[in-house]
Amino acid sequence: MSDRDARLDDLLPAVHRALFIGGAWREADDGARFDVLDPADGSVLTTVPDAGAGEAVEALDAAVAAQASWAATPPRERSDILRRAFDLLTARTDDVALLMSLEMGKPVAEAKGEVAYGADFLRWFSEEAVRIHGTWMSAPNGASRLLTMRKSVGPCLFVTPWNFPLAMGTRKIAPAIAAGCTMVVKPAAQTPLTMLYLAALLAEAGLPDGVLNIVTGLDAGAISAALQGDDRLRKISFTGSTGVGKVLVRQSADQLQRVSMELGGNAPFVVFEDADLDVAVEAAMVAKMRNMGEACTAANRFLVHESVAGAFAERLAARMGALVVGRGQDDGVQVGPLIDEKARESVAELVTDAVHDGARVVVGGEPLPGPGYFYPPTVLVDVPADSAITREEIFGPVAPITTFTTEDEAISRANDTEYGLASYVFTRDLARTIRVAERLEFGMVGVNTGLVSNAAAPFGGMKASGFGREGGFEGIEEYLETTYVALPV
Ligand code: NAP
């Protein structure tokens, strides 16, 4: 038995590989199941139920049945459940990280980072659950008092991607629990195991039956269409590609569901001539290489002042070229495989096209031999500003570097994208920091840092990156309605 199989044998018995509906673990109606693969070699890890519209509606039935009593549950009880879940998840970091690494590919050390980040939403919203409050004011003419009260939105649908199998779930689930909403979650077909583990953990933490329901299935379109066509569903929150996001926004129209969309990105990483290059290179390693570049916040376009571009490229290439690529569960590995062959082909094609357009490869540049979907850390220089690699989301470990001359040029090129999620700026000039942050059309600006994600911060984008915020004080607002009560005196 291989080392991997031994670890799987230890881990899998603790994971319910079943639908979770109304507090019960069960199979799909027709017993169908689908494979969950290991992206490090394409082998089958295990199987989970292949549910469709019927089971999804049964999950919504359970969420609807639980909604009134959950919304009426004292905030302190909701808070305590989230806090217990935070403690349990933190205590089981090693198991969750290994499971996530196996189904998604990321190195175990990175997966542990995601467990800490994902768990932090449980803790943050356990603290927010008891701070939901309305307002009280006198009408301007003094004739009445105006009271506002906050109410939970009601049953929600959450659709999550494969790249952060835990954190993209807890960013939605934790505020919904805090606000008194019930929910149906459809995890990505490629990474359902982490979400199933989380569901069992939340049940263990005391979450009542029906508040959280999980439906795994290959026909995501059928699941979302059935649920969004049901007038009992009051909200959808989606994290994933802009194309699918647009479909879900359209589907929300008939029942006028509330919508939150966390979509794709095309983050500029702008290095001015006065930047501390040590800081910029260190941050580039995080902004580019976190999650093998498979992150919506990943630095996608490096815009570097012409006077420092050569030094920056050389230092970044040295660091990227030294990274250890391999199976995420092996000691010392820093870069795992991409999620599947299609993802790797798409990265390879963007690089080939950029080279065809005139870019030069400093390090990397060719897919690594299989099995598994490995692509090496790659740095490209002299990338033409209009090359596809600067316009499309790369979703892989490739850093295309282009140069600029003036601050105005840097800002207008940074904004020249349909997306508006994360951006990064490197400068030691405070006035420039303010000028640039004010003009960048992005939901998040990291200044002299390659990491913007924080459970206490409002994460989200503008333009084709979507709308709504997750985390921070804003995160719970997505799950609350306001009722105003007029009180004449
Ligand atoms: P994706 O193809 O859009 O899939 C995301 C989720 O949507 C999966 O669960 C998928 O199910 C489901 N889905 C696909 N078609 C659907 C439909 N018609 N109705 C309902 N659900 C449907 O995106 P991805 O490739 O997994 O994720 C990468 C994308 O997510 C990138 O663009 C990235 O930037 C974005 N992302 C954004 C954020 C953010 O916070 N803004 C965070 C992380 C990722 P299946 O797995 O079954 O196909």
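Of the residues making up the range 280-300, those that are of a type in the set (A, V, I, L, M) and either free of Cβ contacts under 8 Å to residues at least 60 places away in the same chain or at positive phi (or both) are VAL281, MET292. All conditions but one from (1) touching a strand residue (DSSP E or B) at 6+ places or on another chain (Cβ under 6 Å); (2) within 13 Å of the ligand (Cβ to nearest atom) apply to VAL270; the one that does not is (2). Only residues that are among the hydroxyl-bearing types (Ser, Thr, Tyr) and within 16 Å of the ligand (Cβ to nearest atom) were counted in the range 435-463, giving 1. Is at least one residue of the range 477-487 in contact with a Leu (Cβ under 9 Å, 6 or more places away or on another chain), of a type in the set (Phe, Trp, Tyr) and under 30 Å from THR182 (Cα atoms)? Taking every residue of the range 477-487 in turn, at least one turns out to be in contact with a Leu (Cβ under 9 Å, 6 or more places away or on another chain), of a type in the set (Phe, Trp, Tyr) and under 30 Å from THR182 (Cα atoms). The single condition among (1) open to solvent by less than 60 Å² (accessible area, probe 1.4 Å); (2) within 25 Å of LEU451 (Cβ to Cβ); (3) in a helix (DSSP H, G or I) that PHE374 does not meet is (3).
Comparison of ARG145, ARG150 shows that the only residue that is exposed (fewer than 15 other Cβ atoms within 10 Å of the Cβ) and either away from the ligand (no atom under 16 Å from the Cβ) or in a loop (DSSP other than H, G, I, E, B) (or both) is ARG145.
Condition check ((1) within 15 Å of the ligand (Cβ to nearest atom); (2) part of a helix (DSSP H, G or I); (3) open to solvent by less than 30 Å² (accessible area, probe 1.4 Å)) across all residues:
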position	(1), (2), (3)
THR390	no, yes, yes
GLY396	yes, no, yes
ALA399	no, no, yes
THR402	no, no, yes
GLU409	no, yes, no
ALA414	no, yes, yes
VAL425	no, no, yes
THR433	no, yes, yes
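One residue alone among GLY265, GLY293, GLY240 is closer than 19 Å to ASN415 by Cα, modelled with pLDDT of 95 or more and either open to solvent by 50 Å² or more (accessible area, probe 1.4 Å) or within 14 Å of the chain's Cα centre (by Cα) (or both), and that residue is GLY265. Looking across the range 153-174 at every residue that is out of contact with any strand residue (DSSP E or B) (no Cβ under 6 Å at 6 or more places or on another chain) and within 14 Å of the ligand (Cβ to nearest atom), the one that is nearest to VAL57 (Cα to Cα) is identified as GLY169. Within the option set VAL333, VAL347, being assigned to a loop (DSSP other than H, G, I, E, B) and under 23 Å from the mean Cα position of the chain (by Cα) holds for one residue only, VAL333. Screening PRO367 against (1) in a strand (DSSP E or B); (2) away from the ligand (no atom under 16 Å from the Cβ); (3) without any contact (Cβ under 8 Å) to a residue 40 or more places away in the chain; (4) not basic (Lys, Arg) leaves a single unmet condition, (1).
Evaluate the range 300-308: report whether one residue or more is buried (at least 22 other Cβ atoms within 10 Å of the Cβ), within 13 Å of the ligand (Cβ to nearest atom) and within 15 Å of THR402 (Cα to Cα). Within the range 300-308, one or more residues are buried (at least 22 other Cβ atoms within 10 Å of the Cβ), within 13 Å of the ligand (Cβ to nearest atom) and within 15 Å of THR402 (Cα to Cα). In the set VAL279, VAL247, only one residue is more than 16 Å from the chain's Cα centre (by Cα), within 9 Å of the ligand (Cβ to nearest atom), open to solvent by 30 Å² or more (accessible area, probe 1.4 Å) and of a type in the set (A, V, I, L, M); that residue is VAL247. On the stretch given as the range 319-328, residues that are in a helix (DSSP H, G or I) and either without any contact (Cβ under 8 Å) to a residue 24 or more places away in the chain or among the hydrophobic types (A, V, I, L, M, F, W, C) (or both) total 1. Just so you know, in the range 120-133 the residues that are outside any loop (DSSP other than H, G, I, E, B) and not hydrophobic (A, V, I, L, M, F, W, C) include one that is farthest from HIS16 (Cα to Cα), and it is ARG131.
For the range 16-35, the candidate set comprises residues that are touching a strand residue (DSSP E or B) at 6+ places or on another chain (Cβ under 8 Å) and hydrophobic (A, V, I, L, M, F, W, C); within that set, the residue that is nearest to GLY210 (Cα to Cα) is ILE21.
Among the residues of the range 436-470, the one identified as touching a strand residue (DSSP E or B) at 6+ places or on another chain (Cβ under 8 Å), among the acidic types (Asp, Glu) and not assigned by TED's automatic domain parsing to the domain that holds THR170 is GLU441. The residues of the range 441-451 that are in contact (Cβ under 8 Å) with a residue 40 or more places away in the chain and either over 27 Å from PRO337 (Cα atoms) or open to solvent by less than 30 Å² (accessible area, probe 1.4 Å) (or both), listed by number, are PHE442, MET444, GLY446, ASN448, GLY450.
Does LEU316 satisfy the criteria of being part of a helix (DSSP H, G or I) and surrounded by 21 or more Cβ atoms within 10 Å (Cβ to Cβ)? For LEU316, the condition - part of a helix (DSSP H, G or I) and surrounded by 21 or more Cβ atoms within 10 Å (Cβ to Cβ) - is met. In the range 301-313, how many residues are touching a residue at least 40 places away in the same chain (Cβ under 8 Å) and assigned to a helix (DSSP H, G or I)? The total comes to 3. The residues in the range 44-54 that are touching a residue at least 24 places away in the same chain (Cβ under 8 Å) and in contact with a strand residue (DSSP E or B) (Cβ under 9 Å, 6 or more places away or on another chain) can be counted, and the count is 7.
Checked against the criteria, LEU277 does not count as in contact (Cβ under 8 Å) with a residue 60 or more places away in the chain and not small (Gly, Ala, Ser). A single entry from LYS106, LYS172, LYS151 fulfils the requirement of being closer than 18 Å to ALA199 by Cβ and in contact (Cβ under 8 Å) with a residue 24 or more places away in the chain: LYS172.
The values are calculated or read from the model by the stated rules, or taken from the named source; none is laboratory data. Since the model is a prediction, treat every value here as computed from it, not as a measurement. Please note: Cβ atoms are built from the backbone with ideal geometry, for glycine as well, and neighbour counts cover all protein chains shown. Note: accessible area is taken over every heavy atom of the protein model, side chains too, but ligands, DNA and RNA are not part of it. Shrake-Rupley method; radii C 1.70, N 1.55, O 1.52, S 1.80 Å.
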